[in-house]
Amino acid sequence: FAPPCYAERAVPDLTWRMATWTRDTGGRLVISGHSQGSVLAAAALWQLAPSERGRVALLTYGSPLERLYGRWFPAHFGPGALSSLHREVACWRNLHRLTDPIGGPVRLPGDCGPEVDRAPLKDPMAYGRTDRHPLPAPVLGHSDYQADPVFARERQRLLARLRPEVPGPRPTGGPPQDGSGRSSA
């Protein structure tokens, strides 16, 4: 007597939301997953059509994808599967800390590993004490990734990489032209 696995509902629901957004709006999106959420995000991304998957960026943090799932489920989350996911999504960035007992680097083989894994985040974020902050900064480990300024910068980088091409400004030299190419002045 146990509740059903939440992945049976979460993965199809997340897949439907991503597919609907990218298809109906022509938009692009960043899907962000912490810890187990990074596993659900990867599973949902694999369910998307390749054309939709290519318009989604993935931001994972505190992710057990390689550290735990890659070891126990290598056919689904091993180096081959994660490398394939990296090639199929628009872009992917993974954040981790050396003090995180659950999440870690994704460690993709070849030259795509450094592209996905950012250098470990500083933890604690500050050392020492000041009059304004007399207590030592806490060690965050597996929590509060979104409080680190690096999180916002990496999310912004992913959004910038997804931004569609913007047309250049109109030429402003000379008087306006009519349809024949002659000056209307």
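The values are calculated or read from the model by the stated rules, or taken from the named source; none is laboratory data. The model shown is predicted, which means the values in this text are computed figures rather than measured ones. No Cβ is skipped: glycine too gets one built from the backbone with ideal geometry, and neighbour counts run over all protein chains shown. Accessible surface is based on the protein model in full, side chains and every heavy atom, while ligands, DNA and RNA are left aside. Shrake-Rupley method; radii C 1.70, N 1.55, O 1.52, S 1.80 Å.
Expressed in nm to one decimal, what extension gain is obtained for the pair Ala119 and Ala90 from 0.36 nm per residue of sequence separation less their Cα-Cα distance?
That pair, Ala119 and Ala90, stretches by 8.4 nm at full extension.
How much of the accessible area of the chain, in percent, comes from carbon and sulfur atoms when a 1.4 Å probe is used?
On the way: 6690 of 11490 Å².
Heavy-atom surface of the chain belonging to carbon and sulfur, 1.4 Å probe: 58 percent.
Go through Tyr6, Tyr127, Tyr69, Tyr145 and list them by solvent-accessible area, largest first, probe radius 1.4 Å. Provide the component values of the computation, followed by the final result.
On the way: Tyr6 125, Tyr127 155, Tyr69 50, Tyr145 5 Å².
Ranked list, largest accessible area first: Tyr127, Tyr6, Tyr69, Tyr145.
To the nearest 20 debye, what charge dipole does the chain have about its Cα centre, counting +1 at the Cβ of each Lys and Arg and -1 at the Cβ of each Asp and Glu?
Numbers: 23 positive and 17 negative charges, 62 e Å.
Its charge dipole is roughly 300 debye.
Using amide H atoms built 1.01 Å from N in the peptide plane, name the residues 5+ places from Ser63, or on other chains, whose amide H lies under 5 Å from its own.
Answer set, sorted by chain and number: Ser35, Gly104.
Note down the accessible area of Glu154, probe 1.4 Å, to the nearest 10 Å².
In the full protein context, Glu154 sits at about 10 Å².
With a 1.4 Å probe and every protein chain left in place, tell me how much accessible area Ser84 has, in Å² to the nearest 10.
The accessible area of Ser84 comes to roughly 30 Å².
Taking 7 Å along the Cα-to-C-beta vector as the label spot, tell me the His133-Thr99 distance in nanometres, rounded to one decimal.
That separation, rounded to one decimal, is 1.1 nm.
With a 10 Å cut-off between alpha carbons and a GNM built on the chain, which of Pro138, Pro50, Pro101 moves the most?
Comparing Pro138, Pro50, Pro101 in the GNM, the peak value goes to Pro138.
Let me make sure I get this right: for the chain, a, b and c are the square roots of the gyration tensor eigenvalues over alpha carbons, sorted descending. Under 1.5 in a/c it's rounded, otherwise prolate if a/b > b/c, else oblate. Which is it?
Numbers: a/c = 2.47, a/b = 1.47, b/c = 1.68.
It is oblate, given that a/c is not under 1.5 and a/b is not larger than b/c.
Specify the residue with the greatest mean-square fluctuation among Ser38, Ser83, Ser63, computed from a Gaussian network of the chain linking alpha-carbon atoms under 10 Å apart.
Answer for the Gaussian network model of the chain: Ser83.
Which far-off residues, 5 or more places away or on another chain, put their amide H under 5 Å from the one on Val30, with H placed in the peptide plane?
Result for Val30 returns Ala57.
Return the long-range amide H neighbours of Trp92 (sequence gap of 5 or more, or a different chain), with a cut-off of under 5 Å between placed amide H atoms.
Amide H neighbours of Trp92, under 5 Å, 5+ apart: Leu58.
Helix-only mean residue ellipticity at 222 nm, the chain, DSSP H runs n ≥ 4 weighted -39,500 (n - 2.57), per residue, nearest 500. What is it? Intermediate values should be presented prior to the final figure.
Values: 7 runs with 68 residues, N = 185.
Roughly -10500 deg cm²/dmol at 222 nm, from the helical runs in the chain.
How big is the C-alpha Rg of the stretch 113-155 next to the rule-of-thumb value 2.2 N^0.38 Å, as a ratio? Present the calculation step by step, with values, prior to reporting the outcome.
Details: Rg = 12.6 Å, N = 43, 2.2 N^0.38 = 9.2 Å.
After normalising by residue count via 2.2 N^0.38 Å, the value is 1.38.
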